[in-house]
Amino acid sequence: MPDTNHTFDVTTDWTAIELQAFHDLYQSVNFGLGSGLDFSVDDMRQIFSPGVFGFFALDNETLVGAARVFSDDIYCAWIAEICVHPNWQGNGIGGMLMEEINSRFGHTALYGEAFKNQVDFFTKQGIKPKEKLVACSRAPLASS
């Protein structure tokens, strides 16, 4: 059940985010599950390099949600992921992150990939399935 006693803030400054909190958030939604995912400061610099934009939802100083967007900042933007910690889901955090993304990238076409259980969320945000688009992917290749 949503908790209406919280006020969430969004920052776009990844340097204000604790690495362990970022790691824990991603693990909480099974991103990188089983891959030994661990973030260093250098990883964070790469993850949020030029052309990659981060949006971080905070409950006081606790990281509760994050989104990454890849964009040329002219024609198109691509939502790489939106994740909200399971303990905070249902509080409008995903929608709040989308509002920030829409505000920042309203001048571009916005694309996003969604798991089947996320299609309704994206549709409510105005990002609708397109009949002629198909998402294709592969897991990271094993390192030699």
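Each reported figure results from applying straightforward, stated rules to the coordinates on display, with no laboratory input. This one's a predicted model, so the numbers in the text were calculated from it and none came from an experiment. Here the Cβ is made from the backbone with ideal geometry for all residues, glycine too, and neighbour counts use every protein chain on show.
Numbers at a glance
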read-out: Rounded FRET efficiency, nearest 0.05, which uses the C-beta distance separating GLU99 from PHE121 and R0 of 22 Å; value: 0.95
read-out: Order of SER137, SER49, SER71, SER28 under a 10 Å beta carbon neighbour criterion, fewest first; value: SER137, SER49, SER28, SER71
read-out: Sorted by Cβ neighbour density within 10 Å, fewest at the top, the residues HIS23, HIS6, HIS85; value: HIS6, HIS23, HIS85
read-out: Mean Cα-pair separation over length for segment 8-124, i.e. relative contact order, pairs under 8 Å, 6 or more apart, %; value: 24
read-out: For segment 91-144 and segment 41-76, distance of Cα centres in Å; value: 14
read-out: Residues LYS130, LYS124 arranged by fewest to most Cβ contacts within 10 Å; value: LYS130, LYS124
read-out: Two-decimal ratio, segment 8-124, of alpha-carbon radius of gyration to 2.2 N^0.38 Å; value: 1.01
